[in-house]
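Novice: Before anything else, here's the structure in question.
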Amino acid sequence: MAIGYLTIQARTAHDALPLSGVAVRILDAQGRSVYELITDESGETQTVPLETVDKNFSQNPYFSGTPYISYSVLARAPGFNSLYVSEIPIFDGERAVLPLSLIPMQDKQRSPMQAEIFVGGPAVAMSGPRSQEGTVNGNYVLRQVTIPNPITVHLGPPDSAAANVQVSFPDYVKNVASSEIYPTWPESSLTTNIYAIITFALNRIYTEWYRARGYGFDITNSTAYDQYFVYGRPIYDSISRIVDRIFNEYIRRQGQNAPYFTSYCNGTTAVCQGMSQWGTVTLAGQGLSPLEILRSYYPKDIEIARTDIISGAISSYPGSPLRVGSSGLDVQTIQTWLSRIRKNYPAIPAITDPQGQFQGSTRDAVIAFQRIFNLAADGIVGKSTWYKISWLYTAVARLSDLTSEGSTLGIGDVPPSSVLRQGSTGQDVVTLQYLLNMASEYYPGIPAPAQDGIFGNGTRQAVMAFQQLMQLNADGVVGPLTWQALYDVYQGIHQNVPSPSPDPDTIRYVVKAGDSLWLIAQKYGTTVDAIRRQNNLTSDMLSIGQVLMIPTSGALPYIEYTVRAGDSLWLIAQRYATTVEAIKSLNGLSSDMLQIGQVLKIPVR
């Protein structure tokens, strides 16, 4: 039996807050519990192995069975609604990273509700027709090709009443690729498909395909019109690595700037004028490069172009990677961002290097960040790491600003008595817009309106989205029932959402089965006495689920790594910019043999 892997990450507020202590159960197809896990201070569980089907079946277009085994996940946390994610495909040799975006319970809510997400098989296995339409030549609206950050996705056909969600563009591409194709395909085939996915989305943006028709979104998740997107689904490592490398590259015809309309279908049960997804596997097997494969389906004069224009970015990528030895304003910017993010993610070590000097502690902080957010943990700030740090910094800073603003506005416990509608102005509209902005941090289907005190169309759309989620009459008018629902959501957030650790030199740790004070002290490079003092413990007895604050000063200079299929000491050493000898010495290894699931200490200094 083949083995795949699953890691679960519980976070909220656009990843601004990790949720530790979340109880996670992994269930098999019969509903039997396979693992019971607890998330750590970064909101993450350990990576666990799961039985699945040999990868050869998912690389064969003629195989009529299911080339993977599905599992489900149930997540529960005090103060939050439960989340059940079903039919998660696990593939041979692949790690799937499942994001759990938990929603706080409302004020006066007596018991948690349970939201459900169905993942299911990828679109390449579906038999439905694809009739994608788009602009191939002419009729372009925008002058420049811009990466939309975030991109707004409609979770249904264009005219449906489905919700819209906003995600970062790299995360959108990773989601679509994980939803469209099998992650076990050859790298050249995966890269080809990801180029088509990126370019398809950028074509929709560049032509304002939906915006120009009056829709409030950039693209849908309907395979009949666009490309598949499943909000809340897991992302596979093989896909994630490629997207991080090429997310701002796209296909165009020579002499043109516009993204080409890269329509595609599976090429077996559905045939189209564009690219065959299964055909890319065959051509990759013949040794063709991604560009050669693309030219087999699209015009021969297409080329790969790059855009460095990213909307919503607070500072552009400097153009070359930052690493040990780099200096200047860009290094100082990264240090500032990481230091702020660290207040929410205390597993990131403190930066003690001089400002603007990329030295050892900056590298350690970068590696920790990369590990937490599933980037190649090499300690180098390339474009994917730069924009992920920028995205997280924006999220945590915005959440902090919103929290402070609530005190300034004096929200109180009693809603206003006014009735607001489009055209209203004044202080109550400011309060309304603030409450909608706060709700949008935790409810992905609610857009954040501008806080200008004017009830315009953007505020009306946000009100209607909120009313729809709360099962109220979605008329866009804010009366007593809508006001009360807004206050219940707002007060529920304050009651149930944990605040970041007030002491960035401690880590919030949730005790798991098998833990002891000695093991925890060894993991974090501290002492049993230091943990006892920090937590006022009078004995060494621990309880599963107990929360400890772990002092991190003097932490050991290594991270822990779990060996996966295909790993070798040489590959791990290359990934973490160290040497085979250093890993062997730190772990007391006498040979180069590794076992899947083996935990290694990796030096990071």
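Novice: Charges on Cβ only, +1 for Lys and Arg, -1 for Asp and Glu, centred on the Cα centroid of the chain; of Ile235, Tyr68, Val580, which one is farthest towards the dipole's positive end?
Specialist: Final value for the positive-end residue is Val580.
Novice: Working from the pairwise distances between different alpha carbons, so that the mean of 1/r is found and then inverted, what is the range 392-484's Kirkwood radius in Å?
Specialist: This gives a value of 13.4 Å.
Novice: Now a separate question. In nm, to one decimal, how far is the modelled label at Tyr62 from the one at Ser160, with both set 7 Å along Cα→Cβ?
Specialist: Modelled inter-label distance: 3.5 nm.
Novice: Checking a compactness column here: for the range 558-603, what do you get for Rg(Cα) / (2.2 N^0.38 Å), N being the number of residues?
Specialist: 0.98
Novice: While we're here: Among residues other than Arg323 whose Cβ falls under 10 Å from its Cβ, what is the net charge (Lys/Arg +1, Asp/Glu -1)?
Specialist: Around Arg323, the charge tally is 0.
Novice: About its Cα centre, what dipole magnitude does the chain give when the only charges are +1 on Lys and Arg Cβ and -1 on Asp and Glu Cβ, stated in debye to the nearest 20? Provide the component values of the computation, followed by the final result.
Specialist: Details: 43 positive and 49 negative charges, 90 e Å.
Approximately 440 debye in magnitude.
Novice: Compute the whole-percent fraction of alpha carbon pairs in the range 329-400 spaced more than 21 Å apart.
Specialist: Details: 322 of 2556 pairs.
Of the Cα pairs, 13 percent sit more than 21 Å apart.
Novice: Same structure, new question: Measure out, as a whole number of angstrom, how far apart the alpha-carbon centroids of the range 244-259 and the range 423-445 sit.
Specialist: 38 Å
Novice: What Kirkwood radius, in Å to one decimal, follows from the Cα pairs of the range 34-81?
Specialist: 13.9 Å
Novice: How high is the FRET efficiency between Ala474 and Ser591 when r is their beta carbon distance and R₀ equals 60 Å, given to the nearest 0.05? All intermediate terms of the calculation are to be shown ahead of the outcome.
Specialist: Numbers: r = 65 Å, r/R0 = 1.08.
After rounding, the FRET efficiency stands at 0.40.
Novice: Computed over the Cα atoms of the range 1-106, what is the ratio Rg over Rh, Rh following Kirkwood?
Specialist: 1.03
Novice: Under the rule of -39500 (n - 2.57) per DSSP H run of 4 or more residues, summed and divided by the residues of the chain, what mean residue ellipticity at 222 nm is obtained, to the nearest 500 deg cm²/dmol?
Specialist: It lands at -10000 deg cm²/dmol.
Novice: Stretch Val430-Arg25 to full length: gain in nm at 0.36 nm per residue minus the Cα-Cα span?
Specialist: 141.6 nm
Novice: Taking the dipole about the Cα centre of the range 151-306, with the C-beta of Lys and Arg at +1 and of Asp and Glu at -1, give me whichever of Thr268, Leu190, Gly216 is farthest to the positive side.
Specialist: Sorting the options by dipole projection puts first Gly216.
Novice: Normalise the Debye intensity by I(0) for the range 151-306, one equal point scatterer per Cα, no solvent, then take log10 at q = 0.11 Å⁻¹ and round to two decimals.
Specialist: Normalising to I(0) and taking log10 leaves -0.40.
Novice: I've got another one for you. Under a Cβ-Cβ cut-off of 13 Å, what is the net charge of the residues other than Thr191 that fall near it, where Lys and Arg count +1 and Asp and Glu count -1?
Specialist: -2
Novice: Please compute the length gained on full extension between Lys584 and Ser418, using 0.36 nm multiplied by the number of residues separating them and subtracting their Cα-Cα distance.
Specialist: So the chain would gain 52.9 nm between Lys584 and Ser418.
Novice: Okay, next question. Expected output is a single nm value to one decimal: the length gained when fully extending between Gln114 and Thr352, i.e. 0.36 nm times separation in residues minus the C-alpha distance. What is it?
Specialist: Value of the extension gain: 81.3 nm.
Novice: Could you tell me, in Å, what Rg and Dmax come out for the Cα atoms of the chain?
Specialist: In Å, with Rg to one decimal and Dmax whole: 24.6, 75.
Novice: A follow-up question, please. Relative contact order (percent) for the chain, with alpha-carbon contacts under 8 angstrom and 6 or more residues of separation?
Specialist: Details: 1209 pairs, mean separation 77.2, N = 605.
Over the chain, the number comes to 13 percent.
Novice: How much of the pair distance distribution for the range 506-551 lies past 18 Å, counting alpha-carbon pairs only, in percent?
Specialist: The answer is 11 percent, as a whole percent.
Each reported figure results from applying straightforward, stated rules to the coordinates on display, with no laboratory input. Nothing here was measured: the structure is a model prediction, and the numbers come from that model. When we count neighbours, we look across all protein chains shown, and the Cβ atoms used for this are built from the backbone with ideal geometry, even at glycine.
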